[in-house]
Structure formats: structure tokens, C-alpha cells
Protein chains: 2
Amino acid sequence: MSRNKLIADIQEKRTCLCVGLDTDLAKIPTHLKGRPDAILEFNKAIIDATADCCVAYKINTAFYECLGAKGWDLMEATLAYIPKNIFTIADAKRGDIGNTSTMYAKAFFETLSFDAITVSPYMGSDSVKPFLEYTNKTTIVLALTSNAGSIDFEQLKTGDEFVYEKVLKTSKEWGTPDNMMYVVGATKASSLAQIRAIVPEHFLLIPGVGAQGGDIDEVLKYGGIPGQTGLLVNSSRQILYASSGEDFAEKARAEALKLLGKIS
Amino acid sequence: MSRNKLIADIQEKRTCLCVGLDTDLAKIPTHLKGRPDAILEFNKAIIDATADCCVAYKINTAFYECLGAKGWDLMEATLAYIPKNIFTIADAKRGDIGNTSTMYAKAFFETLSFDAITVSPYMGSDSVKPFLEYTNKTTIVLALTSNAGSIDFEQLKTGDEFVYEKVLKTSKEWGTPDNMMYVVGATKASSLAQIRAIVPEHFLLIPGVGAQGGDIDEVLKYGGIPGQTGLLVNSSRQILYASSGEDFAEKARAEALKLLGKIS
């Protein structure tokens, strides 16, 4: 899906909400647990309930890989169930030497046909570029993440800038705002204005709204691109586990609408 | 498998060779290609031919993921075929926020029972620690990798040291030499003495011998720990694709023995 289509979707639906499908068998409602395809059934209900109030779904690969080959099947079936006109992200944080990143790109852009994947920049240019060769797909590079550990290396100073700022400046030359985005943790909203100055045209994927505690108003104020929004704001646990009862999908929708109200 | 057992294996087999199972359907011998389980058949033959002349196998997850759920099955079957007394590494380069890294740890240490996994340090302490909670397993943190792109961020200066040196100094406090190792690219053998000074007791996993061009003599000279070796030296393509004919396993063994000769 193209950047222009995504911008049009955001404007039409009046939201930049991305729903994170970090589906954990231990956390889904009890009445679903005994069923053979419990996770898929849960995901389908969440997708049915939220598809008209979000512009993207983000599938966190870890939650499927922990189930082995069966989990990979569930990921594929979940992806297939998402309406074709909604942007899909494999939150996979991959990245390796060139020939290996080529295989990861094939896994997520061809074998599974996600629109986008998150990648780790640690290993540098040749670990990211194989993803960017898919110019009709989107490579989402980790810049500043929302977790406490981001202070350890992302926020080290290199010269007069942070490592994550150097990641932004260096990596933005590898692709274009049409095939690249950045992960920027919402809990660092105070840094958003500086980040936006470095990458004025790239979409930012903001995790950490909801369970991770980011402030959505600050994100919109400092992180947006006038006229294009330029943001995908993700919420996972707050939506997925809004209720542990039979009304889980209804409550998930209510949470999504609440976030939509804040975002639009 | 414990560090002491690994050291004993190295001393008994007189090698620190790790064989990388980066099996690419496009590169395996033509006579195997039509068969339904071509990759598994190839892997089994390679394992049969090399098990007595290596101390570890490293499965590169990307090469299996690109085949979807079927690939995950092949990875599991390959892992199951490796003799139980040989150290196994999932070369997965995972790393995410805490609750997600917990799921990755479960995927590779429980659902699949690898002895070790490679992880990316970019997101910091809480992205690595969930792996270290498995104290009977080994978490192998990327420090300095062997690819050209390592210059982009790993080799940035922060204060008077490189980012990868800071990664070593900070992360070694999170675990112990019993449950942590580091990835250090052999093509940077000149940096090995400095790295060994920072982590005098940790095993180093050295990729990049063979196809990636590292110099094995320098690795042994500057990277070893006296009396314990302290190294796993990986070779993948040079062994796997030593011949594209029916003698591929025999030629793979010959390559492994050649490396063994250099290493012991």
C-alpha cells in the first residue's frame, strides 16, 4: 500500500490508529481458551470490531513464534483475514547481514505479504537495504523506542547528538519517505519535535500509547505532519484486553473509538 | 548445555567450529531439489557428515522463515536431528520490549529447545534480560558484527569508546559468562584484543570465517581464552556449498576438517 493511500485512509477514517495484534493465549477470554483456533477466533473478532476505526494492524511476530509452526499458520491466517485495504505491519524487529536480511524481506513481503516490517538498525546499512529493495513496501526502522532500556544505547551521545538521531540522519538517506518510516516511542514526546525536524516527511510509528503510557496529545502536537498526519499511533493491550468476558470485542471497539476520538 | 560442557567438548574434539545451517533452497544440489523435504534431507546429510568435527550448529532462522509455517517445521525437524550433546544456536537476532522478548525467549528456549539465541542489543537492558532469565541457556548479544554496515552505528564513537565497546561493558553486567556470549565479527580481528580485555571470560561467537573473509589465525591469537579457547568460530556457506554435486556432504566434511585443522 502506498503512502498516499495511507494518508487518504487517515483522512477518510479521521484516525491514525494502528491496532496491535499481540495476542497472548494466557490473556484472551476464558470462554475462548478451550477452542482449537482460539487465537485466530479472538483475532477475527477484534478485526471485525475495529476495522472501521483503525488504519493499520500490527502483528507482533513473537506472540505467534512462541507457538511454533502452528503460530506461523495463525499469523498467516490472521493476515489473510485483515481487509485488503488496511495497512499491515509485521512487528518483527529483524536485521542481519545482507544475504540474511534478503531472506527476512522475502519471508515478510513475499511468503507473507505484509505491507511493512519493523527492522533493527544496529548492524547498519547492509542489514536494512535488502528490505528497501521492495520499493512498494514500507521498512520501519527503530529509532527511539518507548522502553526503559532505550537509555542504554539509543540515547548514548555520539558527538553532540544521540545515537538514535544519528540513526535517523544516516538511514533516511537509504530510502525515501515513500518506503521508510520510523519507530518513535510516544513516552518520549518531548523529543518528538527534534525528531520531526530531522525527518520532516517520514511517517512515525508510535508504540507505547496505552499500556506503555505515552501521552497522545503531545504526540499529535509535536510529531505530526500538517495536512498528512504523518503518524501511526499503535495501541495493543489496551484494546485487546479491554474485557476478559464475552463482550471482549465490543469493549475493544469502545477502546478503539475512545482513542479515535483523541486522535481525530 | 553448560559452559563447562562446551569447553570439555572443544578440548575433546580439538575444535571450536560451529557449522551454520543457513540452508538456501536455491543453493542446494540439483539432485535434491525436487524432493519434498529437500532442505531437511540436505541438513541431515550435512549434520551426519560434520557432527564429529564441530562443537555447535547455528540455525539461521531467516532461511526457514522465508518458507512460512513449513519452514518453521523444517527448523524444528533440523534441531531435533542434531545430536543432543552438541550445542545449538538459533541465529535469530531478536530483541524487543520486555513482554515481547519474553515471548521470543519462550519461542526459542521452550517451544524449540535451542541452547542459545543471538539477540540485538539496540533496545537496551529490558530487551535482553528476558532471555537471561533462562539461566541454563545462553544469550548471545551482538557486539561488533562482520558486515560492512557495522561502521554505521556499532563503530560510532561515544565519549572515547565505540558504541560496541559500550554495549560490551554495559551488557556484561546483565548476566554472567555462564549464560552470555558475544557476537564479534572475525573480519575485525585487529579489534579482538581490545574486546577480549573488556570481556576476558565470555565466549565469543565469531561469524565471518570463510565466505565473509575473516582471518582465523588472528581470531585464535587475539580472541581466545588460554586453556578454555573461549571461542566458537562459525562457517556456513563455505561448508554447506562446498560442492553442488552428489558428493556435497563429503565435501562439506572435508571443508569442516580443513577448518578444524586450522582451529585446533
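Between this copy and the others, label points of B:Gly261 are 7.6 nm apart in ascending order, each placed 7 angstrom from Cα in the Cβ direction.
Model label sites at A:Lys258 and B:Tyr222, defined 7 Å from Cα along the beta-carbon direction, differ in position by 5.7 nm. Among beta bridges identified by DSSP and lying wholly in the protein assembly as shown, the antiparallel ones come to about 10 percent.
Suppose we keep just the DSSP beta bridges with both residues in chain B; what percent of those would be antiparallel, to 5?
Bridges in chain B that DSSP calls antiparallel: roughly 10 percent.
The DSSP beta bridges internal to the stretch A:102-223 are antiparallel in roughly 15% of cases. With its label point put 7 Å out from Cα toward Cβ, A:Asp160 sits 2.3 nm from the same residue's point in the other copies, in order from shortest. Placing +1 on each Lys and Arg Cβ and -1 on each Asp and Glu Cβ, with no other charges, gives the stretch A:3-263 a dipole about its Cα centre of roughly 220 debye.
Candidates A:Met103, B:Trp72, A:Tyr64 compared by Cα position along the dipole of the protein assembly as shown: farthest toward the positive end lies A:Met103, with charges placed on Cβ.
Between A:Lys70 and A:Asp48, how high is the FRET efficiency from 1/(1 + (r/R0)^6) when r is the Cβ-Cβ distance and R₀ = 30 Å? Nearest 0.05. After rounding to 0.05, the efficiency reads 0.85.
Restricting the GluC sites (Glu not before Pro) of the stretch B:160-262 to loop positions (DSSP other than H, G, I, E, B) with no more than 16 neighbouring Cβ atoms within 10 Å leaves B:Glu173, B:Glu201, B:Glu246.
Please list, or write none, the lysines whose alpha carbon is within less than 17 Å of the alpha carbon of A:Lys157, excluding same-chain residues fewer than 8 places away. Counting by Cα, and skipping residues close in sequence, A:Lys157 has these lysines nearby: A:Lys166, A:Lys169, A:Lys188, B:Lys157, B:Lys166, B:Lys169. Sequence-ordered 3J(HN,Hα) estimates for the stretch A:221-231 from the Karplus curve with 6.51, -1.76 and 1.60 and θ = phi - 60° stand at 5, 9, x, x, 10, x, x, 10, 6, x, 9 Hz, glycine and proline given as x.
Counting Cα-Cα pairs of chain A in 5 Å increments starting at 0 gives whole-percent bin shares of 1, 6, 14, 18, 20, 17, 13, 7, 3, 1, 0, 0. In this structure the amide hydrogen of B:Ser146, modeled in the peptide plane, comes within under 5 Å of the amide hydrogens of B:Gly185, none closer than 5 places in sequence on its chain. 3J(HN,Hα) along the stretch A:83-98: x, 4, 8, 10, 5, 10, 10, 8, 8, 10, 6, 7, x, 7, 4, x Hz, from the Karplus curve 6.51 cos²θ - 1.76 cosθ + 1.60 with θ = phi - 60°, whole Hz, x for Gly and Pro. Computed 3J(HN,Hα) for the stretch B:119-125, one whole-Hz value per residue from the Karplus formula 6.51 cos²θ - 1.76 cosθ + 1.60 where θ = phi - 60°, is 10, 8, x, 3, 7, x, 3, glycine and proline marked x. For B:Glu218, the distances from its label point to the matching points in the remaining copies are 4.6 nm, ordered from shortest, with each point set 7 Å beyond Cα toward Cβ. Based on the convex hull around the alpha carbon atoms, the protein assembly as shown presents an average projected area of 22.2 nm². In this structure, the pairs whose alpha-carbon distance is over 20 Å, taken from A:Lys106/A:Lys137; B:Lys13/B:Lys137; A:Lys93/A:Lys172; A:Lys13/A:Lys262, are B:Lys13/B:Lys137.
Compute the long axis of helix B:248-263 from its Cα atoms, compare it with the longest principal axis of the Cα atoms of chain B, and write down the angle in degrees, 0 to 90, nearest 10. The answer is roughly 30 degrees. For B:Met181, the residues 5 or more places off, or on other chains, whose built amide H falls under 5 Å of its own are B:Thr139, B:Ile140, B:Val141.
None of the figures in this text is laboratory data; all of them are computed from the coordinates on show. It should be emphasised that the depicted structure is a prediction, and the values quoted were computed from it without experimental measurement. Note that each Cβ is placed from the backbone with ideal geometry, even for glycine, and that neighbours are counted across all protein chains shown.
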